[in-house]
Structure formats: structure tokens, C-alpha cells
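**Q** There's a structure below that I have some questions on.
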Amino acid sequence: MDLTTENKKYINRSVLCWLATVSSENIPNVSPKEIFSYYRKNKIIVANIASPQTVSNIKQNENVCISFIDILIQKGFQMKGKAKIIRKTDLNFFEMKQILTEMTGGKFPFQTITEIEVEQVKPIIAPKYILYPETTEKEQIESAKKAYKI
């Protein structure tokens, strides 16, 4: 499944994303990620900076879910797919690393990258938009700024 322009827009707007994995014992783990991007038509890449549980789980179970949300607009996307750990010996490692290193300015070293091939995408939307359909993004931003004291 190819990522859309709108999917990419929310990936770019997100400060953090949340990556959910499951161990071979079916124990879930959700971990915030700070360094991530889309890659090619249907992939998300994430720098493994301090992610031992994430990496361990993906080695045992490739099924993952990753979510991106613009915290002010309170909209985004949930994406499910198959993940694998990319190492220095993998063909595309250095191309991926260059994309992610630009985001870190070289301040966060990482030795591996999680690559997620996206298979399913569904929107995430704050309940206020559903309960009160007249809600505009501008109103939601103002409401979020008050709630977050921004």
C-alpha cells in the first residue's frame, strides 16, 4: 500500500510517533520514537536509538502498528505492517541512515533502523470532530493550545 500525500504530511507534522510491537509471548510494548520518516512509496523508517525491547520484539514478531498524530489538530494516521531490522550490512542501510541522520544533526547515534512496510492505514481523529462535526481545525488548535498551555 503506497503512502499518500496526506499520510506523509502527518508524518512530517508529528514530533513523536508511537510504535507498538508484540513479543513472542504476546506481551505488547508501545514505545515513542523521535527520529522517523517515510521511505520510498510504502515504507516508514525509524532510527533505533534506545530501543532494545522494540528491536527484540520485531526479531520475534514482525507485526507492528505505528501512529502519527498532529497534537494540535488532533488528527493523524495509524499504520499497520511488517517490520524488519536493517543493519549496516543491508543494501539500503546507508541511504536510510542519511535520511534519519539529517533529522538528528548527528546528535543521536544509531546502529540499526526499523523498516516498516505499510499494509494498512486508517485515520485517527479526535472524538470532538465526530461528536461536534462543525468543529474546525482552527478551533481544535486553539482548544489544544489551551489544554497544553502553549
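**Q** What FRET efficiency, computed as 1/(1 + (r/R0)^6) with R0 = 30 Å and r the Cβ-Cβ distance, is obtained for T89 and K122, rounded to the nearest 0.05?
**A** 0.30
**Q** Given N residues in the chain, what is Rg(Cα) / (2.2 N^0.38 Å)?
**A** Rounded to two decimals, the normalised Rg is 1.10.
**Q** Past the 20 Å Cα-Cα mark, which pairs from K43/K80; K9/K59; K8/K80; K9/K146?
**A** Going by Cα-Cα distance, K9/K59; K9/K146 fall outside the 20 Å limit.
**Q** Note down the nm distance, to one decimal, between modelled labels 7 Å out along Cα→Cβ at E102 and at V30.
**A** 3.1 nm
**Q** Mind giving me the nanometre distance, one decimal, between the label points for K149 and K8, set 7 Å out from Cα along Cα→Cβ?
**A** About 3.8 nm separates the two model spin labels.
**Q** If packing is taken as the average count of other Cβ atoms within 10 Å, what order do 36-48, 77-89, 125-137, 18-30 fall into, highest mean first?
**A** In decreasing order of mean packing, 36-48, 77-89, 125-137, 18-30 become 36-48, 77-89, 18-30, 125-137.
**Q** Could you size up the charge dipole of the chain around its Cα centre, putting +1 on the beta carbon of Lys and Arg and -1 on that of Asp and Glu, and report it in debye to the nearest 20?
**A** Dipole about the Cα centre, nearest 20: 220 debye.
**Q** Once fully extended, how much extra length lies between S56 and Y132, figured as 0.36 nm per residue of separation less the alpha-carbon to alpha-carbon distance?
**A** Full extension from S56 to Y132 adds 23.1 nm.
Coordinate-derived values only; no laboratory data. From a predicted model like this one, the values you see are computed outputs, not experimental measurements. Cβ coordinates were reconstructed from backbone atoms using ideal geometry, including for glycine residues, and neighbour counts include every protein chain displayed.
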